[in-house]
Amino acid sequence: TFFFDHYNAESALLTPGELKVLGHHDMDNSGLCMKELVTWCQMDVAQARKDGHIDSYQEKFMHDKILAFRAAMDGMYDYTDQPPHFFYIHFLVLLSALYLPLFAIDTAFAGGWGAEKAVGLDILQGIIVFLQCIFVVGLRSLGTKMIDPYGDDLEDLSVIN
């Protein structure tokens with residue numbers, strides 16, 4: 001079932017025929033259904049003017065409000081279709097592939113070997129390398145979650161409530 005089905009069952013917002021017309025759109029993950037509904041609203045306002053139920057001032061006011069609503073919704077849907085910034089993801093890949101191994105090697109050399117080695121310092125530097133790896137891998141995971149901020153995951157933003 002879709003998110004809208006619950007509200008439609010409670011309030012009978014759309015008829016079964018209208019739902020069938022909208023059925024081919026991905027109602028939960030696409031702006032196409034919203035655009036179709038906005039078009040229907042525009043046609044209803046034009047028909048109300050043609051039938052003499054509203055005057056031209058009211059028609060213009062309603063069209064302006066409908067278009068403002070569409071622009072606001074388009075902004076959200078346009079944002080959800082954007083991937084994370086190219087530089088951000090590739091910078092994190094660079095950190096993962098080059099920086100982390102080089103940092104580990106540098107830390108190993110800084111810890112010393114032979115007569116210069118200190119076990120306590122080796123353990124501390126090992127912990128620091130491990131934490132650096134966790135931070136960078138966490139940033140990569142965060143970058144992949146940024147792809148769809150309005151999705152269905154628990155950490156995504158809710159645009160309905």
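The values are calculated or read from the model by the stated rules, or taken from the named source; none is laboratory data. Only a predicted model underlies this, so the values are computations on that prediction, with no experimental measurement involved. Please note: Cβ atoms are built from the backbone with ideal geometry, for glycine as well, and neighbour counts cover all protein chains shown. The area values use the complete protein model at the heavy-atom level, side chains included, leaving out ligands, DNA and RNA. Shrake-Rupley method; radii C 1.70, N 1.55, O 1.52, S 1.80 Å.
Which residue is modelled with the lowest pLDDT, if the candidates are limited to the stretch 36-58 and must be surrounded by 11 or more Cβ atoms within 10 Å (Cβ to Cβ) and among the hydrophobic types (A, V, I, L, M, F, W, C)?
L37
Give me the pairs: first residue in the stretch 32-54 and more than 20 Å from M73 (Cβ to Cβ), second residue not in a helix (DSSP H, G or I), beta-carbon distance under 8 Å, and six or more apart or on different chains, which are they?
Sorted first by the residue in the stretch 32-54, then by its partner, the pairs are A48/I54; R49/D55.
Please give the number of the condition F86 fails out of (1) modelled with pLDDT of 80 or more; (2) within 30 Å of I134 (Cα to Cα); (3) open to solvent by 90 Å² or more (accessible area, probe 1.4 Å).
(1)
In the stretch 123-133, which residues are among the β-branched types (V, I, T) and open to solvent by less than 80 Å² (accessible area, probe 1.4 Å)?
Residues satisfying the conditions are I128, V129.
Being outside any helix (DSSP H, G or I), modelled with pLDDT under 80 and under 20 Å from F69 (Cα atoms) is the filter here; which residues of the stretch 1-35 pass it?
Matches in the stretch 1-35: H25, D26, M27, D28, N29, S30, G31.
Working only within the stretch 61-76, note down all residues that are aliphatic (A, V, I, L, M) and either surrounded by 11 or more Cβ atoms within 10 Å (Cβ to Cβ) or under 11 Å from K35 (Cα atoms) (or both).
Once the filter is applied, which keeps residues that are aliphatic (A, V, I, L, M) and either surrounded by 11 or more Cβ atoms within 10 Å (Cβ to Cβ) or under 11 Å from K35 (Cα atoms) (or both), the stretch 61-76 yields M62, I66, L67, A71, M73, M76.
Being assigned to a helix (DSSP H, G or I) and open to solvent by less than 60 Å² (accessible area, probe 1.4 Å) is the filter here, so list the residues in the stretch 102-122 that pass it.
Residues satisfying the conditions are F103, A104, T107, G111, G114, G120.
(1) modelled with pLDDT of 95 or more; (2) closer than 20 Å to L14 by Cβ: which one isn't true of F61, the others all being true?
Checking F61 against (1) modelled with pLDDT of 95 or more; (2) closer than 20 Å to L14 by Cβ, the one that fails is (2).
Scan the stretch 12-30 and tell me whether some residue there is of a type in the set (K, R) and open to solvent by 90 Å² or more (accessible area, probe 1.4 Å).
For the stretch 12-30, residues of a type in the set (K, R) and open to solvent by 90 Å² or more (accessible area, probe 1.4 Å): present.
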